[in-house]
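Have a look at the structure below before the remarks.
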Amino acid sequence: MWTINLNGMLLLLAIPAEPEPDDAGSGSDEDDGKQGKIGTKKAKRLAMKQEKKEQREADMALLAEKRKQLEADLQLRKEEEARQEEEERIRKEEERKAKEEQDRRDYEEYLLLKESFTVDDEGQETLEEEQERNLLQQFIEYLQQKKVVQLDDLAAHFNLKIHEVVERIESLQDEGTINGVIDDRGKFIYISEEEMKSVAKFIQQNGRVSISDVAAASNRLINLEPTES
């Protein structure tokens, strides 16, 4: 330590002593190095921990985003399925209505067609009845004109069988439409109303007469010649 008198003031100056070499100094440096290494490792561990935390948070955020996207996709799929189901329902309903309308039109057409068939059938029946009446009238007129006709010729002329001709003649006689006889040689002899009256008058005038007398008179009273021109 130094003492200096400066203008009546005493100044004490402390002069630091030079440090003495100490082996403990090198040991402190080593401790500082060790502490530095420990700090670096800890920093790395903290950095890794932070990195893992950030990675975990990032993974969780990504998972949440995927879950959100999956839910959105699922909702879209449900909406699409609902839309398709509604379209299918509408389509089936339209098909049902169209089928009902087609069935209704078909039924109306069937009724119209059935009615036309009924009219046609009635018309056909009327036409057939008219043709039958005309044919029957022709049959009667043919007998009246021919007076005497072979049954097989009569059947051929009207495209009938012989038994049908006989049945028709008998039916007309039963109705009183025609008069006549069928002889044993297969001939039909037509007798007009006037001729029948003449024969009946002959019998009444002559009283009891034999068949031969009637036959003889018939040859005179009944005209057997055809009347057709």
Check your understanding: Picking from Glu93, Glu130, which residue would you name as being surrounded by 10 or more Cβ atoms within 10 Å (Cβ to Cβ) and at pLDDT 90 or above?
Key -> Glu93
**Study point:** Hits in region 156-204 (condition: assigned to a helix (DSSP H, G or I), within 60 Å of the chain's Cα centre (by Cα) and basic (Lys, Arg))
**Key:** Arg168
Exercise for review: List every residue pair whose Cβ atoms sit under 7 Å apart, with the two residues 6 or more apart in sequence or on different chains, where the first one lies in region 190-210 and is touching a residue at least 12 places away in the same chain (Cβ under 8 Å) and closer than 20 Å to Val149 by Cα and the second, anywhere, is of a type in the set (Lys, Arg) and part of a loop (DSSP other than H, G, I, E, B).
Suggested key: Tyr190/Lys147
Review point. Which condition does Gln144 not pass, out of (1) more than 21 Å from Asp184 (Cα to Cα); (2) at pLDDT 80 or above; (3) among the polar types (S, T, N, Q), if it passes all the others?
Key: (1)
Check your understanding: Which numbered condition trips up Glu54, out of (1) modelled with pLDDT of 90 or more; (2) exposed (fewer than 10 other Cβ atoms within 10 Å of the Cβ)?
Key -> (2)
Point to revise | Criterion (touching a helix residue (DSSP H, G or I) at 6+ places or on another chain (Cβ under 9 Å) and exposed (fewer than 14 other Cβ atoms within 10 Å of the Cβ)) met by exactly one of Asp152, Asp183, Asp174 | key: Asp152
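The values are calculated or read from the model by the stated rules, or taken from the named source; none is laboratory data. Bear in mind the structure is a predicted one, so any value in this text is a computation, not a measurement. Note: ideal-geometry Cβ built from the backbone for every residue, glycine included; neighbour counts use all protein chains shown.
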